[in-house]
1. Filter the helices (runs of 4 or more DSSP H) completely within the stretch 376-471 down to those with at least 3 residues that are among the β-branched types (V, I, T) and at pLDDT 95 or above.
2. Say whether the condition of being assigned to a strand (DSSP E or B), over 19 Å from C75 (Cα atoms) and out of contact with any helix residue (DSSP H, G or I) (no Cβ under 8 Å at 6 or more places or on another chain) is met by at least one residue in the stretch 117-130.
3. L462 is checked against (1) touching a Leu at 6+ places or on another chain (Cβ under 9 Å); (2) surrounded by 21 or more Cβ atoms within 10 Å (Cβ to Cβ) and fails just one. What number does that condition carry?
4. Given the structure, is G95 part of a loop (DSSP other than H, G, I, E, B) and closer than 16 Å to I170 by Cβ?
5. Name, by its number, the condition in (1) over 19 Å from K231 (Cβ atoms); (2) touching a His at 6+ places or on another chain (Cβ under 8 Å); (3) in a strand (DSSP E or B) that does not hold for D179.
6. Taking the residues in the stretch 222-245 that are over 16 Å from the mean Cα position of the chain (by Cα) and charged (D, E, K, R) as candidates, determine which candidate is nearest to C560 (Cα to Cα).
7. Tell me which of these V502 doesn't satisfy, since it passes every other one: (1) within 30 Å of M647 (Cα to Cα); (2) surrounded by 23 or more Cβ atoms within 10 Å (Cβ to Cβ).
8. In the stretch 476-491, what residues are under 28 Å from the mean Cα position of the chain (by Cα) and either surrounded by fewer than 20 Cβ atoms within 10 Å (Cβ to Cβ) or among the aromatic types (F, W, Y) (or both)?
Amino acid sequence: MIIYNSDLRAFLLQGKDVSYAMYVGEAGFLQHLYFGAKLSEADLPFLVAYHGNATCPKSRDFNIDLAHEYTMNECGFYARGDYREPTVIVRRSDGAAMSRLRYVGYEVADGTPVLEGLPCARNGGQTLTITLADDFSSVTFRLNYTVWDDSNVIARNLEIVNGEQLPVNIEKAFGFAMDLPAGGYKTLCLAGRWAQERIPQIEDIGHGIRRFQSVRGISSHEMNPFVGILKPDATENSGECYGVQLVYSGSFAITTERFDNKPLRVQGGICDVGFNWKLDGGKSFVTPQTLLCYSACGIGGMSRTYADFIRDHIVNPHFARSKRPVVINNWEATYFDFNTDKLFAIIDKAATLGVDTFVLDDGWFGKRDNDDSGLGDWVVNTTKLKGGLKPVIDRCKQNGLKFGLWFEPEMVSEDSDLYRAHPDWAVGKAGNQPSRSRNQLVLDFTRSDVVDYVFDAVSKVLAGNDISYVKWDMNRGVTDAYSSELASDEQGEFYHRYMLGVYDLADRLTKAFPDVFFEGCASGGGRFDAGMLYYFPQIWTSDDTDAYERTRVQWGTATCYPQSAMSCHVSACPNHQTRRVTPLHTRGVVASLGPTGYELDPTKLTDEEVAEVSTQIREYEKVADLILKGDSYRLCSSFDGNYFVQMIVSKDKKQAYVCGVRIHGVPCDYDNFVALTGLSEGLTYRIEELDITASGKALTTIGVRLPRLPDFGAWTWHVVAVD
């Protein structure tokens with residue numbers, strides 16, 4: 001609900017348990033007042049008087065501009081007395097870029113804004129749009145705020161409208177600014193690298209400016225487009241914290257800025273490194289959306305808020321809570337070395353295990369026997385696959401399986417028919433030696449003709465075959481940011497235009513094939529973000545399928561993404577990434593915490609392993625609906641202890657599923673208990689595997705003794721309410 005108090009010129013945005021307040025000061029500047037636990041409209045006079053007017057610039061002040069760096073603003077100015085980093089920089093035709101933004105008016109509309117060409121929150125809500133005008137130009141700014149009665153997320157973005165007759169250059173276009181009262185805070189970021197993505201790091205916010213960013217053209221393995229802002233006493237289950245999550249998949253930046261006696265400024269959006277957007281007169285530029293979150297229940301409360309929001313308002317509702325396929329993928333079983341007979345053997349054996357979808361990975365197209373060639377030629381390699389895909393699909397159908405297929409639409413090999421015909425379609429400047437990664441180049445998705453070609457090529461394969469599942473991969477970052485089709489003064493638009501091209505292709509393909517389930521991938525989890533989840537209901541979490549490593553990757557990913565978004569597979573041992581050997585049972589337990597599947601050769605399983613895998617799939621099917629819809633509680637972390645424990649609880653608190661791993665078997669490790677935080681204290685529960693019945697109060701306070709198991713031993717508990 002959105003409330004406007006005309007006497008105070010104050011706005012109060014009301015979510016489920018959260019309020020966001022701002023007002024227009026005496027001099028016409030839009031000033032932030034409050035973001036936190038829910039207040040009422042009756043609190044607005046106090047907020048304005050004691051938290052607004054105390055620092056609000058006054059029109060009669062001789063040094064009015066110098067007051068801005070002490071105020072909490074909704075959009076940072078540039079070069080006009082506020083020495084903090086600005087939210088937006090717009091340089092006009094005369095070279096001037098200073099700005100001072102004043103309130104013009106507001107609109108309230110039911111629903112969510114549709115951001116053309118960009119993924120954004122969908123379904124319900126109410127949107128406040130505030131217009132600010134620049135004192136020194138005819139450029140205006142439209143700030144969008146969307147709130148939902150059933151969520152503690154507030155979605156924000158802004159639109160820059162060029163009212164000048166001549167073009168302006170946008171040199172920075174962050175989508176939001178969030179100023180918080182001065183004080184001590186910590187940041188929580190999700191950092192990492194290939195095969196070790198989204199590892200949580202908590203640090204004090206010191207003086208100065210800290211940037212969390214990617215300049216890789218993708219959101220990246222190294223830094224996720226999310227930052228948590230924690231109060232000093234915030235823990236997993238208690239204390240106040242804020243979340244900042246971008247609905248964007250390209251180069252991004254989120255910054256924190258702290259100096260003595262000044263508010264903490266948090267802002268972000270499209271990475272401004274190398275960014276420059278030429279905006280013609282009368283045109284507008286729309287920034288990606290940001291999901292702001294407030295939690296009074298610690299990091300875990302923030303995580304569950306984001307998980308619900310992404311399932312309810314980001315993921316395609318057709319798939320958000322629908323049963324996910326249990327897949328077997330041939331990649332680690334065969335890599336490029338396969339033919340029809342090898343695939344038939346895998347399919348036949350897989351059918352006996354209980355999987356329901358076989359996914360054919362890289363190597364089925366063009367001249368593709370290794371990663372040196374073939375990308376871009378989306379035509380079946382009939383030397384490998386006699387008769388094309390149809391015999392493989394028919395074999396799947398004979399075994400009661402569905403068929404899925406791998407693509408890497410954004411890439412091209414130099415040794416390919418596509419590149420020989422259109423070398424200018426690759427990103428880069430003619431005459432420069434290209435920057436190669438994984439022996440491949442990036443297609444220029446800033447060009448509509450390139451996107452059209454890829455759409456037609458992929459569509460032909462999907463339309464001509466019975467394919468129910470697509471794995472969309474992307475195995476390198478973007479370099480040589482140059483397009484032969486962009487003018488010299490438009491090259492600064494490259495990275496964002498590239499991302500718009502990716503979104504365009506994803507949008508067109510998912511709409512053209514609405515019943516095909518698309519899974520995202522980028523060398524594992526290199527583009528795991530809310531932007532891609534808008535199109536792909538789940539994403540390959542990491543190329544690292546080692547069970548121990550996955551306890552960490554999945555723990556970090558759950559910080560701001562739902563379990564239902566994480567593809568979690570069982571692979572062979574020794575693990576192909578770490579060479580570690582873990583029990584097959586443990587691999588299954590860890591993989592059961594998300595849409596599960598298998599990355600191995602089932603023809604090499606022993607009878608005992610076949611029985612174990614079949615049991616794993618049957619057990620997963622029992623909790624699959626809970627994994628899709630339930631609330632996640634992280635109970636024990638393998639980052640700082642010898643146990644990993646995570647619990648998924650149904651919304652009505654009547655069912656829970658606990659997964660645990662003991663990392664190392666050590667002596668004298670007795671009487672370790674885990675409190676089953678997340679159960680209802682008012683219910684009585686039975687833990688089936690332990691034959692224990694106890695009150696929710698006892699289970700959440702005293703807890704349950706953790707089992708003493710050998711290295712990497714795992715267990716599951718099924719918890720059900722009995723009254």
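1. Values: elements: 390-398, 417-421, 448-463.
Here the list reads 448-463.
2. Just the residues of the stretch 117-130 that are assigned to a strand (DSSP E or B), to begin with: 126-130.
The next check asks that each one be over 19 Å from C75 (Cα atoms); those that pass are 126.
Checking which are out of contact with any helix residue (DSSP H, G or I) (no Cβ under 8 Å at 6 or more places or on another chain) leaves us with 126.
Yes; the residues of the stretch 117-130 include at least one that is assigned to a strand (DSSP E or B), over 19 Å from C75 (Cα atoms) and out of contact with any helix residue (DSSP H, G or I) (no Cβ under 8 Å at 6 or more places or on another chain).
3. All conditions are met except number (2).
4. Values: part of a loop (DSSP other than H, G, I, E, B): yes; closer than 16 Å to I170 by Cβ: yes.
Against the criterion (part of a loop (DSSP other than H, G, I, E, B) and closer than 16 Å to I170 by Cβ), G95 qualifies.
5. Looking at each condition in turn, D179 falls short on (1).
6. Applying the first criterion (over 16 Å from the mean Cα position of the chain (by Cα)) to the stretch 222-245 yields 229-242.
From the residues that got through so far, the ones that are charged (D, E, K, R) too are 231, 233, 236, 240.
On the way: K231: 17, D233: 20, E236: 13, E240: 16 Å.
Per the stated criteria, the residue is E236.
7. Among (1) within 30 Å of M647 (Cα to Cα); (2) surrounded by 23 or more Cβ atoms within 10 Å (Cβ to Cβ), the lone unmet condition for V502 is (1).
8. Of the residues in the stretch 476-491, the ones under 28 Å from the mean Cα position of the chain (by Cα) are 476-483, 491.
Matches in the stretch 476-491: T479, D480, Y482, Q491.
The values are calculated or read from the model by the stated rules, or taken from the named source; none is laboratory data. No experiment lies behind these values; they were computed from the predicted model shown. Cβ atoms come from the backbone with ideal geometry, glycine included; neighbour counts cover every protein chain shown.
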